[in-house]
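The values are calculated or read from the model by the stated rules, or taken from the named source; none is laboratory data. None of these values were measured; they are calculated from a predicted model. All Cβ positions, even for glycine, are placed from backbone atoms using ideal geometry, and neighbour counts span all protein chains on display.
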Amino acid sequence: MPGISIHLAASNAYLEKHPEEDRDAFILGSISPDEVEDSAVSHHSTPGFRDGSMAFLLGKVNLRECLPDFDINTSFGRGYFYHLITDYEFFHNIAKDVERIEKMSYRELKDQLYHDYSATSLFFKKKYKTVFPEIVAKYDFDYDEEPIIIDLDDTCELIERLSDIDLNEYHKNL
């Protein structure tokens, strides 16, 4: 899953273009899938997703299996769904350097991703004017370091692309 700062940045970008949403409910929905004991359950991860680095990236979110978990007719539900879409698209787009990622162990990839989530937190907070709700304040870092895996330009392009999606249409097409 992308770090909380990326989720909040993506949610803020989406909400800028979709003012009809209840902002607080959408934001709460957009962080809820990670605020569970086992995110493999809330993300309906493919069995074996921890077997290798590419399996981890591509099996982390099973969108079709997640559909019964939320109500698309509420801002909270759309935020929850948006979180899962962000995860899915992030992991399917971050895997550009497949050769390098394939050489990493699951543990190494996970460690480097979590480093990047902290390292880029300040960048995303500034660029997207994110505010961390109290429930996730423990993830509010002011680190400004070079990421190892995450490409900031690619991630910003992904955030912008996701901010334009029609959640109802995306939901219907699954």
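Checking region 21-31 against the condition returns no match, with no residue being in a helix (DSSP H, G or I) and more than 20 Å from Glu134 (Cβ to Cβ). Gly59 passes every criterion in (1) under 28 Å from Glu145 (Cβ atoms); (2) free of Cβ contacts under 8 Å to residues at least 40 places away in the same chain; (3) crowded, with 17+ Cβ neighbours inside 10 Å apart from (1).
Considering region 137-167, the residues that are more than 21 Å from Glu89 (Cβ to Cβ) and over 16 Å from the mean Cα position of the chain (by Cα) include one that is modelled with the highest pLDDT, namely Glu146. Looking across region 32-72, the residues that are part of a loop (DSSP other than H, G, I, E, B) and either closer than 26 Å to Glu160 by Cβ or touching a strand residue (DSSP E or B) at 6+ places or on another chain (Cβ under 8 Å) (or both) come down to Glu35, His43, Lys60, Val61, Asn62, Phe70, Ile72.
So, in region 137-150, of the ones that are charged (D, E, K, R) and in contact (Cβ under 8 Å) with a residue 12 or more places away in the chain, which residue ends up surrounded by the most Cβ atoms within 10 Å (Cβ to Cβ)? Step through it out loud before you land on a result.
First, the residues of region 137-150 that are charged (D, E, K, R): 138, 140, 142, 144-146.
Next cut, in contact (Cβ under 8 Å) with a residue 12 or more places away in the chain only: 140, 142, 144-146.
On the way: Asp140: 17, Asp142: 9, Asp144: 12, Glu145: 14, Glu146: 10.
Selected residue: Asp140.
Evaluated against (1) surrounded by 18 or more Cβ atoms within 10 Å (Cβ to Cβ); (2) under 20 Å from Ala25 (Cβ atoms); (3) of a type in the set (S, T, N, Q), Asn73 falls short on exactly one condition, (1).
Checked across region 123-136, the condition of being closer than 24 Å to Asp38 by Cα, exposed (fewer than 13 other Cβ atoms within 10 Å of the Cβ) and under 13 Å from the mean Cα position of the chain (by Cα) holds for no residue.
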